[in-house]
Amino acid sequence: MAYVISEACISCGACAAECPVEAISEGADRYEINPDVCIECGACADACPVSAPSAE
Ligand code: SF4
Ligand code: SF4
């Protein structure tokens with residue numbers, strides 16, 4: 001289980017700035033979450049303007 005970022009992502013970077021474990025990085029089409037690092041805190045979902053991150 002980890003949070004995942006949907007195609008709604010507009011690559012604004014707000015989630016990466018809020019992630020306490022630096023699990024989020026910029027991918028080719030959208031930002032991506034490393035499932036091995038994510039601790040499912042939900043901070044990315046709270047920070048996202050388009051509600052792209054969600055619990056898998
Ligand atoms: Fe980072 Fe928390 Fe989002 Fe996981 S749920 S990617 S730990 S901000
Ligand atoms: Fe994408 Fe939302 Fe993260 Fe911005 S905050 S990079 S729109 S997932």
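Summary table below
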quantity	calculated
Subset of the range 4-56 (residues that are at positive phi, near ligand 2 (Cβ under 10 Å from one of its atoms) and surrounded by 12 or more Cβ atoms within 10 Å (Cβ to Cβ))	SER11, GLY13
Count - residues of the range 1-38 that are among the hydrophobic types (A, V, I, L, M, F, W, C), farther than 16 Å from GLU56 by Cβ and outside any loop (DSSP other than H, G, I, E, B)	3
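The numbers here are math on the coordinates, done by the rules we state, and not lab data. Note that the structure is a prediction, hence the values are computed from the model and not measured. A quick note on method: Cβ atoms are made from the backbone with ideal geometry, for glycine too, and the neighbour counts reach across all protein chains shown.
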